[in-house]
Amino acid sequence: MQTLIAHARTFSRSRGAELGELAAGQSPFALFITCSDSRVVPSLITGARPGELFELRTAGNIVPPYDAGPTSEAATIEYAVEVLGVRDIVVCGHSHCGAVGALVRGDDLSAVPAVRDWLGHAARQPSGAPDDPLVAEAVQHHVLGQVLRLMSYPCVENRLRDERLRVHAWFYEVHTGGVLAYRAESDSFETL
């Protein structure tokens, strides 16, 4: 924690002038939906600078059903699309995902009921080899399920129909830094 505190103390001296223009507002290029996993850092993966990505991080990069009631996830998606006018949304899963791994293995999550209930919002049960530590296949299926769920949100559905929005499915490899993107033409994830 001391390293984080030390950096926070000096951050404004090293970057303050550069960040001053952000006070005027934000115009991010994209909404980036990904897992809360500390190994997945959207700005490092994409090279985005402050103000360029609007981020939504959830355990297992889950997009809950729109009709699940008012959720912070739905509010973030709606704000990004309707107010900020993002032109792209990326749903990015990652290798070694504990949330998807728990779903695939059928782990007993009774000791963490909030986690268990949250994972119940997954669009569908991801399939894959339960003994695969990468859970790559399962995460890729899971990402596609979340994309379909996202596309059912009214604001997203309307912008897709008007071709004012694009939705992308990505898979980030924690162990290599590689990024794969889903290609409908080949129905597979390929190197970006």
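The values are calculated or read from the model by the stated rules, or taken from the named source; none is laboratory data. Everything quoted here is computed from the prediction, not taken from an experiment. Virtual Cβ from ideal backbone geometry, glycine too; neighbours counted across all protein chains shown. SASA here: full protein model, heavy atoms, side chains in, ligands and nucleic acids out. Shrake-Rupley method; radii C 1.70, N 1.55, O 1.52, S 1.80 Å.
Tell me whether region 170-178 contains one or more residues that are part of a loop (DSSP other than H, G, I, E, B), under 18 Å from R57 (Cβ atoms), among the hydrophobic types (A, V, I, L, M, F, W, C) and open to solvent by less than 80 Å² (accessible area, probe 1.4 Å).
yes
Do we have P70 as farther than 16 Å from A30 by Cα, open to solvent by 30 Å² or more (accessible area, probe 1.4 Å) and not in a helix (DSSP H, G or I) here? Working first, answer last.
Values: farther than 16 Å from A30 by Cα: yes; open to solvent by 30 Å² or more (accessible area, probe 1.4 Å): yes; not in a helix (DSSP H, G or I): yes.
Criteria met by P70.
Are any of the residues in region 81-94 within 16 Å of the chain's Cα centre (by Cα), part of a helix (DSSP H, G or I), among the β-branched types (V, I, T) and closer than 30 Å to Q26 by Cα?
Yes, there is a match, as at least one residue in region 81-94 is within 16 Å of the chain's Cα centre (by Cα), part of a helix (DSSP H, G or I), among the β-branched types (V, I, T) and closer than 30 Å to Q26 by Cα.
Within region 41-70, how many residues are in contact (Cβ under 8 Å) with a residue 12 or more places away in the chain and charged (D, E, K, R)?
Number of matching residues: 3.
Take the residues in region 9-62 that are assigned to a helix (DSSP H, G or I) and in contact with a Pro (Cβ under 7 Å, 6 or more places away or on another chain), then tell me which one is modelled with the highest pLDDT.
Of region 9-62, the ones assigned to a helix (DSSP H, G or I) are 9-24, 42-46, 59-61.
With in contact with a Pro (Cβ under 7 Å, 6 or more places away or on another chain) added as a condition, the list becomes 19, 22.
Values: L19: 76, L22: 84.
Selected residue: L22.
Which of the residues spanning region 85-120 are without any contact (Cβ under 8 Å) to a residue 40 or more places away in the chain and buried (at least 19 other Cβ atoms within 10 Å of the Cβ)?
Across region 85-120, the qualifying residues are G101, A102, V104.
Please go through region 166-187 and pick out each residue that is among the hydroxyl-bearing types (S, T, Y) and in contact (Cβ under 8 Å) with a residue 40 or more places away in the chain.
Applying the first criterion (among the hydroxyl-bearing types (S, T, Y)) to region 166-187 yields 172, 176, 182, 186.
Once the filter is applied, which keeps residues that are among the hydroxyl-bearing types (S, T, Y) and in contact (Cβ under 8 Å) with a residue 40 or more places away in the chain, region 166-187 yields Y172, Y182.
Filter region 1-50 for residues that are in contact with a helix residue (DSSP H, G or I) (Cβ under 6 Å, 6 or more places away or on another chain) and hydroxyl-bearing (S, T, Y); which is surrounded by the fewest Cβ atoms within 10 Å (Cβ to Cβ)?
S36
Has region 105-118 got at least one residue that is among the acidic types (D, E), modelled with pLDDT of 95 or more and assigned to a loop (DSSP other than H, G, I, E, B)?
yes
Please go through region 124-153 and pick out each residue that is buried (at least 18 other Cβ atoms within 10 Å of the Cβ) and over 14 Å from the mean Cα position of the chain (by Cα). I'd like the intermediate steps shown before the answer.
First, pick out the residues of region 124-153 that are buried (at least 18 other Cβ atoms within 10 Å of the Cβ): 126, 128, 135-136, 138-147, 149-150, 153.
Selection gives P126, G128, V135, A136, A138, H141, Y153.
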